[in-house]
Each structure stands twice: as C-alpha cells, then as structure tokens.
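One structure below.
The values are calculated or read from the model by the stated rules, or taken from the named source; none is laboratory data. The model shown is predicted, which means the values in this text are computed figures rather than measured ones. Cβ coordinates were reconstructed from backbone atoms using ideal geometry, including for glycine residues, and neighbour counts include every protein chain displayed.
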Amino acid sequence: MTTVVRPEARSWPVSLPDSLGIWPLLAALLVLFMLPAATIISNSVTEPENAGLSNFRSVLTDPTFAIFAINTVRTAVLVSIVCAVLGYVYAYVMYRSSPGLRAILIFCALLPLCTSLLVRSFAWTVILRDTGIVNWILINTGVIAQPVGMLRTSFAVTVGMAQILLPFSIFPAYVSMARFDGTLLRASRSLGAGPVRSFLEVFFPATRVGMIAGTVLVFVLSLGYFITPVLLGGPGDQPIAVLIDAQVTSLLDWGAAGAMSAIVTFFVLLFLAIGWRAVSRIFFA
Amino acid sequence: MPLSSSIRILATVLAVGSAAAPAIAEDATLVWVDGGGAYHDTVQTRVLDPWQEETGNKVVSVAGTDNAKLRAMVEAGRVVWDVYNGDNSWGTDADGEWLVPIDYSVVPKDEIIPGFASAYRVANMIYSIQLAYNTDQVTTKPEGWADFFDLEKFPGKRAVMDYSVGGIFEIALLADGVKPDALYPMDIDRAIAKLDTIKPSLVFWQSGAQSEELVGSGEVAMVMTYNARAYDAKVALEMPVDYIFEEQILAAAYLTVPKGSKNVDEAMNLIAFAVSKPINETMSADLPLGPSNVNASPNPEMAPDLPSSHLDKPYAVFDDQWIAENSKMIESRYQAWKSAQ
Amino acid sequence: MQTSSTSQIRKASGYRGLVTSLLMTPILIILLAPSLIIIPMSFTEVPFLSWPPKGFSAKWYARLFDSPEWLASLWHSLEVALLSTIIAVLLGVPAGVSLALKQWPGKQFVLAFIITPLVVPTIVVGIGMYKIYAWLGLFDRSGLVAAHVMIGVPLVVVTTMSAARQVNPVLLRAARSLGAGPVSTFFRVTLPIISSGVLSGAVFAFVSSWDEVVIAKFLSSPTYETAPVRMWAQITERVDPTVAAVSSILFTAALLLMISLMLFERVRR
C-alpha cells in the first residue's frame, strides 16, 4: 500500500483558533437570546420606578410563591423518579434487543414527538376524565361502578409530563449502556456471579451515569412546564409558571414577573450545576 | 453605533432567506383583534364585512387577544393591532399607559348605555356571568348563587372560572347574601369563607370550551360561565344544559386602540361604526350578545337569551374600576386561597 | 448437558420475555396512547372531542383542506421549522465539534451558556424577544426562525458532541499530516463520522420548532401564524376535531416515514 501525498495540499497559511467553531453561535445566542432574556429580567429592578430589590423582596416573602415553588419541585421530583425508572427499563430492553426490535423501540420513543405537546396534554384529559376512556373501560368491564377521579390530580400531571419527557431519560441511559463493555459482564459471570448480582454490581454501576444525566435533564425541563400542569393538575399542582403567566398577561406587572423569572432561572441553573458532572459525562467526553 | 449596526447585520445574516416584514402597517389596512371563536365569526360578518363594503377600506381580523403582547408592541414601538376588543378587565384608566383615549367627537358617547364608555374604551356588546346546570343531574331549577353553594339540595360538583377577577369572589358574596349593589368594595375574607364551604367540590376551568364540556358531560352539576357559552352548550351543541339569569353579573366587551397604532383615526371611525345603532343591534343576530347602544333593538328571537332582557330579576354589574385598582390584591388572595390545601 | 443448558436458556428467555412485556406494555401505552387516541376522535360527527366518538365522518379532514388559514399556518410552521433547523445545524455543528474535539479553556462554562435557552421559562423570553427583535427588524418569519434557532441549537450541539466523541483524534492528525486542510478534514473525516448525531440533532431541532407555541404566540402576526398558535386559539375556544385531524395526519405521516426508512434499511442490508 502506497501513500500518495497530493502535491497541491499544503497546510493553511494561518492557523485557526481551536475555539473558532463556537464564536458564531455564541454571538447569535448573546444577541438573540441573552439580550431578550435580560430585557425582561431587568424589569424586576426597573419597574415600578426605582424598584431596587423590592420586587425580589415581595416575591420571596410571599407565602403563595413558596407554595407554588413547592408544587413545582414536587411535580418535578415525581416526574424525574418515574422517568428515571421507566426510561432505564426501556433503555435496558432496547440494549438487550435485536437490532430490528431496537429500531422499532427507538421509533416508539420518538413517535410521540410527532404529536403536538398541546394535543397530547389535551388527549390525556380525554383519557383520564370522569367520563373519559379509562373510566369508560373500567365501568364497561365491570371493574368499578363509579368513575375514579384521575384528572386534576398529581397523578394526571405526573403521567402527562412523564410521557412528554420520557425520551430525555431513555436516550442518555441507552447511550451509557451502548458504551458499556460487554466483556465485563462475561467476566463477572465467569467468576460465578449470578445474573442479578452481575447486573446490580457490574452493569448498573457502570450505566448509572446515563440514568442520572437523563434525570437531571428531566428535572430541569419539568421546572418550566406550564400547559400540562394547568390542563391536567388540580389546585394543589399548579407550578410557578402559572404565577408568572398571571403577572405577565393579566396583571401586566412585569416587575414581579421579571423577579420571579430571575429566581426560577437561578434555581434551574443551580440544579443543572449540581447535576452537571453526570450530564457532561454523557454528552461531553 | 458600530456595535448596534453590526448586530443588525448579524441579525440579517441569521435570517437568511427571510423577506423583510410585510408592510402591514404601511398601507391603510386596519387590524382588529378579538378573543376568537364564534364571536370572531359574528364580528366578521356583522361588523367588519359591512364596514369594508361601506368604506372600501380593508380590515384584517385576528383571533387571540393578549394583553402582554399588546404591551410588548407598545414598548417595542411596533404596533400591528389597531382595534383591540378586550374583556371587561381591560381598558380601565389603569391601562391608560398602553392606550389611546377614545375620540368622542367621532364615537357617539351619548348613545352608549351609561357606565359603558370611559376614557380609553367603549363597550360594543354586553354579556354576563351566569349559572348553568346539567339538566340530567339538576331537576329543579336553581334560583341563584345560594343554590350553587348548596351541596345538600343540589348534590354534584361545581365548576368555576379559574380567573381571580372573573367573578368567583362576586358569586360567593352574592350567595352569602350580599346585595348586588353592595358588592364593592369586596369583602374578600367573607368570599373566601363562603368558597371554603364547597372547596372540595370545585373544579376550575381555564377556557370557555372546558366549561361547556364539564357541565355538558355531567362531570359537574353546575357551572359558572359566560352566558354565550351556556347558550352554545344548550342550543348549538344540544347538550343537556340549561341556565338561569337570576343574579347574573353583567360585563361588557370593550373596544380600545393601542398607543402607537398607525391608524388611530381610521380605528376611531371603525369603533364608531361598530357601536352605531344599525351595526350594534346585529351583534345579537347569531349569538346572545346584548347591544351597548341604547337605541339598538336586538334580534327578537334572541331576546329571551339576552342578559339585557332579564334586568327585572336581581343582577349585579362588575365594578371594573375598583377591580383594576385592586387587581394585585385580588390575584394574590385568590392564588393563596386556591393553592392552600 | 448440552440439551439441558439450552432448555435452561430457553426457559430463562421465555421468563425474561414475559417480564419484559409486563414491564414494557405500560411504558408503551403511556408513550403512545395520547397520539393514538386522537385518531379515532378525529372521525367524530359532533363538533367537539368526546369519548366514545359519535358516528363516523371525515368532515373535519375536508374542513382542514378547505381552510386556507389552516393550510397557510401549516405551511408557515414547515417553513419556520426547516429554516430554523438548517441554521441551527450550521451554527451548532461547528460548535459541537469544537467543544468535543478541540482544547481550549472555559468549555464547561460555554456549554452551560449554550443550553440555557432550554431551561429559561419561555413565556418571559417571548416578551423580550418581541422587543429586541422589533429593534433588529426581525419580524414574522425571520423573527420566528431566529427564536426557534435559539431553542433548537442546544439540541444540535448536544447530539453533535455526543457523536463527535467517536471521532478518533489520531484519525484527524493522520488526515492533517497527509496534507488535508482543516476544512477538508472536517468534510472528509469528521462529518461522515458524526453525521448520525447531526441528523438526530436536526430532527430534535425541527420537532422543537414545529411544536413551539409560547414564543410563537408573541412573534406571530396577523399575516404570519404558525399551526401551534392556531391550535392554541382553537383549544381555548373550542376543541374542534379539526385539531385532531391535523394531529392524526402528522402522526400518520411520521409513522409512514419511519416504516419506509426501516424497510429501506432492511433492503440495503
């Protein structure tokens, strides 16, 4: 085999900085995203005039804000746990499947994305309400006589949001499994460990990072959800986004809205920073 | 300056393939915005089409009022809406910052029902918040809001509007025996105490469509909703629904002009046209929307379903000015009450 | 010995199959039920969504194809989603490659910066975008494209980075030592390896634009409305089965596309 060095090829006259690839994106983000976000968050200190930190004070000392914050976090925790478990199981089945079945499972995980989030949330109301599909099936098969109230409960919000966020926990978990070195498992089996023990002591610790990365993403994303909890939740499941929306649209109090958003963004970034190690190990060599 | 121009160039580059903004504002085309739905269609056929025929000027109508978007438009100096048809909470003097005062040399204020025309807004139709019920579950006709709160006499769930200034506190006070003309200033503590008596049976609805569905499907026995929604459920969708006008709370939809509109004069002309007798009375042709013009004679077939035909029974009127001045307090009391377990 | 071990395996795999289907059925139901339930509901005769569907009628489909507003909004959505996906790929792929394969300080910080659009509440950003974009002269299509690029680009960066990890730096050095410039190295070596990651990022970006409603509500105008904005107006007014018809068509189209891709893969193999 001979290597042919093409005569016309030569090294570039100037060496390009290694970080060149990110500059156009950073410039665009700064102008088209950060500037708009900053405009609104700055309302928190400029409205009403000379507001200073008064908006932050009144938001942070308002017990209602605390209740909504607890609702938001509680929902996010429930959704994260459900997604972590279901996503890991789904990814594991994908990992153990034949290539053909795996392709079908990938498609099944992606297919829901083809239906609008709005429509999916609305479909859950039709499925879960007293006169909805689940109660219709249960009553017609004689399992129950009276409809079970499922809509406007934490259960409905958790199911609805888990459905939307599940792909975010399936794929990172799968990525970590695909990277797993199968010889390790064979080694542990040959050393006499049973399948359950091999799974718990070798496979799971090695792939846990994918589950954690997915869970961090699900948790962080679910903090901002608005439409799904409003349509599916009861009075005790309403998230901070509802309060922000009321300030933004019906009260036109953008000072309070800016303060609330700044607080939410701060905590979202904080949670992200806490889970950053796992996220970066999956997405970032 | 160089920074801002280079940012602009970047913006242009990023929007490759995009044409410049269509010149909506430049030609004399007016843009009308309302809440949408069946009302939107009525406005199109009864107001905007006749206007285009009469003046030859084009009007584009959009569904989806959004106070925040209006404010963003005004602050950005790019206002594409000219006539904004908001609900009763919109357009009081508290919103003057975003609106152009109504030109009453063009708009006939003396023809409008007293109290329904103010500095920044003029009503184009009267509606009400009323009690509607599922006729399969409620066999004796309720007589007022006291029955809405009486779970023994009328078992079943109740659906209420999930909107602090939409009338939820008002109906609680009326049910508790407050006289309609003594509602304001509202005693929120008293309203909350009354609401607490039925809180576990309450379902909160976010859109008019939901209110119809809840009462029509029998998921709730009674609902507090817009009179046009109750009518729609009963007449158009033929659901087992009926409604009462006792203790209805009157409200109006208002026409306003956003500050910064490029067509203020034209917008005022259109508003004057919309509230004039011959046009205003046709609002009740298809929907139970009462006229705001004192001289207007509404569709006789619709008369039994119009809020304004039932003023012999007890009724209340929203005090929009008081509500606007206290909206923050009302909102925070509402959210605190609703979220408390 | 031989037979007993195979039967053991068979027994184990039968047992495993049972457990697998017991676990997977509820997950698959949760994943697919909302999309599937919409299809029968789109054929109802009554003008609202109900269960069980009443009668059978295709009139909502006819209404969809007769409505210039619906068709225009679908076209606008497609236009915005395609343009924003292309731009998100053009901006996101070089960034993802640089983050994954090049060495420079502050990478973690930059990556955190890049993914903030995914986590900041969109309702607030929408207002700010309206104001800033008005100043920049980005309206309607250009404004929506710019906004959706911001939402799509983090997804492209993340998937590109994930794929670029598979690129062996030795390969790049080899290409460079053989005289290929950075540009031709990128197109001939890096890009073919990361293409699947780029493609999945593009799909995510497309879907996130196609589905986005909160920002689109702010940036759309009387003459330029996207399908989710129209759906939102419909859902709050009356949940007309036309919305179900739109969803069913999109779902079926995606399903057919995926099935044909799978068949194509099989034929190629």
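Structural remarks
- Contacts under 7 angstrom Cβ, first residue in the stretch B:85-106 being under 15 Å from B:A117 (Cβ atoms), partner acidic (D, E), 6 or more apart: B:N85/B:D34; B:N88/B:D320; B:T92/B:D320
- Of all residues in the stretch C:13-30, those satisfying the criterion of being more than 18 Å from A:G132 (Cα to Cα) and within 7 Å of chain A (Cβ to nearest Cβ) are C:T20, C:L23, C:M24, C:I27, C:L28.
- The stretch A:217-234, subset part of a helix (DSSP H, G or I), farther than 14 Å from B:V203 by Cα and within 10 Å of chain C (Cβ to nearest Cβ), residue farthest from the chain's Cα centre (by Cα): A:I227
- Once the stretch C:176-208 is narrowed to residues that are among the aliphatic types (A, V, I, L, M) and facing another protein chain (nearest Cβ under 10 Å), the residue that is farthest from A:P112 (Cα to Cα) is C:L178.
- Looking at C:R173, C:R238, C:R230, just one residue is charged (D, E, K, R) and over 26 Å from A:T115 (Cα atoms), and that residue is C:R173.
- Tally, over the stretch B:185-216, of residues that are surrounded by fewer than 17 Cβ atoms within 10 Å (Cβ to Cβ) and either touching a Ser or Thr at 6+ places or on another chain (Cβ under 7 Å) or hydroxyl-bearing (S, T, Y) (or both): 2
- The listed residues are B:W98, B:W81, B:W145, and the only one of them that is more than 30 Å from C:K131 (Cα to Cα) and touching a Leu at 6+ places or on another chain (Cβ under 7 Å) turns out to be B:W145.
- Of all residues making up the stretch B:235-245, the number that are among the charged types (D, E, K, R) and either at pLDDT below 95 or under 20 Å from the mean Cα position of the chain (by Cα) (or both): 1
- All of (1) surrounded by fewer than 22 Cβ atoms within 10 Å (Cβ to Cβ); (2) at pLDDT below 90; (3) touching a helix residue (DSSP H, G or I) at 6+ places or on another chain (Cβ under 6 Å); (4) within 30 Å of B:A72 (Cβ to Cβ) hold for A:L269 with one exception: (3).
- Some residue of the stretch A:131-140 being over 19 Å from the mean Cα position of the chain (by Cα) and either modelled with pLDDT under 90 or surrounded by 23 or more Cβ atoms within 10 Å (Cβ to Cβ) (or both): yes
- The set of residues in the stretch C:219-269 that are free of Cβ contacts under 8 Å to residues at least 24 places away in the same chain, closer than 30 Å to C:L136 by Cβ and of a type outside the set (A, V, I, L, M) comprises C:P222, C:W232.
- So B:A76, is it without any contact (Cβ under 8 Å) to a residue 12 or more places away in the chain and in contact with a Lys or Arg (Cβ under 6 Å, 6 or more places away or on another chain): yes
- Test: residue in the stretch B:166-181 that is assigned to a loop (DSSP other than H, G, I, E, B) and among the aromatic types (F, W, Y): no
- Hits in the stretch A:161-198 - residues which are surrounded by 15 or more Cβ atoms within 10 Å (Cβ to Cβ), part of a helix (DSSP H, G or I) and over 13 Å from the mean Cα position of the chain (by Cα): A:A173, A:Y174, A:V175, A:S176, A:M177, A:L185, A:S188, A:S198
- Only one entry in A:L86, A:L53, A:L29 is farther than 30 Å from C:V93 by Cβ, touching a Pro at 6+ places or on another chain (Cβ under 9 Å) and modelled with pLDDT of 90 or more, namely A:L86.
- Against the list (1) surrounded by fewer than 24 Cβ atoms within 10 Å (Cβ to Cβ); (2) within 11 Å of chain C (Cβ to nearest Cβ), the condition A:D253 fails is (2).
- Residue count for the stretch B:294-323 satisfying the condition of being in a helix (DSSP H, G or I), surrounded by 20 or more Cβ atoms within 10 Å (Cβ to Cβ) and either hydrophobic (A, V, I, L, M, F, W, C) or within 14 Å of another protein chain (Cβ to nearest Cβ) (or both): 2.
- One residue from A:I127, A:I106 being among the hydrophobic types (A, V, I, L, M, F, W, C), surrounded by 17 or more Cβ atoms within 10 Å (Cβ to Cβ) and under 18 Å from C:P53 (Cα atoms): A:I127
- Only a single criterion out of (1) assigned by TED's automatic domain parsing to the domain that holds C:A163; (2) out of contact with any helix residue (DSSP H, G or I) (no Cβ under 7 Å at 6 or more places or on another chain) is not satisfied by C:S77, namely (2).
- Selection count, the stretch C:218-254, where residues are part of a helix (DSSP H, G or I), more than 7 Å from every other protein chain (Cβ to nearest Cβ) and under 21 Å from the mean Cα position of the chain (by Cα): 11
- Take the conditions (1) under 30 Å from C:M161 (Cα atoms); (2) within 12 Å of chain C (Cβ to nearest Cβ); (3) of a type outside the set (G, A, S); (4) free of Cβ contacts under 8 Å to residues at least 12 places away in the same chain; A:F204 misses just one of them, which is (2).
- Within the stretch B:76-114, being closer than 24 Å to C:S221 by Cα and part of a strand (DSSP E or B) holds for B:V83, B:Y84, B:N85, B:G86, B:L99, B:V100.
- Enumeration of residues in the stretch B:53-89 that are under 27 Å from A:E47 (Cβ atoms), of a type in the set (S, T, N, Q) and out of contact with any Gly (no Cβ under 9 Å at 6 or more places or on another chain): B:N88
- Among the residues making up the stretch B:115-141, those that are aromatic (F, W, Y) and in a strand (DSSP E or B) are B:Y127, B:Y133.
- Which numbered condition B:D110 fails, given (1) in contact (Cβ under 8 Å) with a residue 40 or more places away in the chain; (2) away from chain C (no Cβ under 14 Å): (1)
- Boolean, C:G96 is at the interface with another protein chain (Cβ under 10 Å from one of its Cβ atoms) and closer than 23 Å to A:I40 by Cβ: no
- Of residues in the stretch C:123-173 being more than 10 Å from chain A (Cβ to nearest Cβ) and without any contact (Cβ under 8 Å) to a residue 24 or more places away in the chain, the one nearest to the chain's Cα centre (by Cα): C:S142
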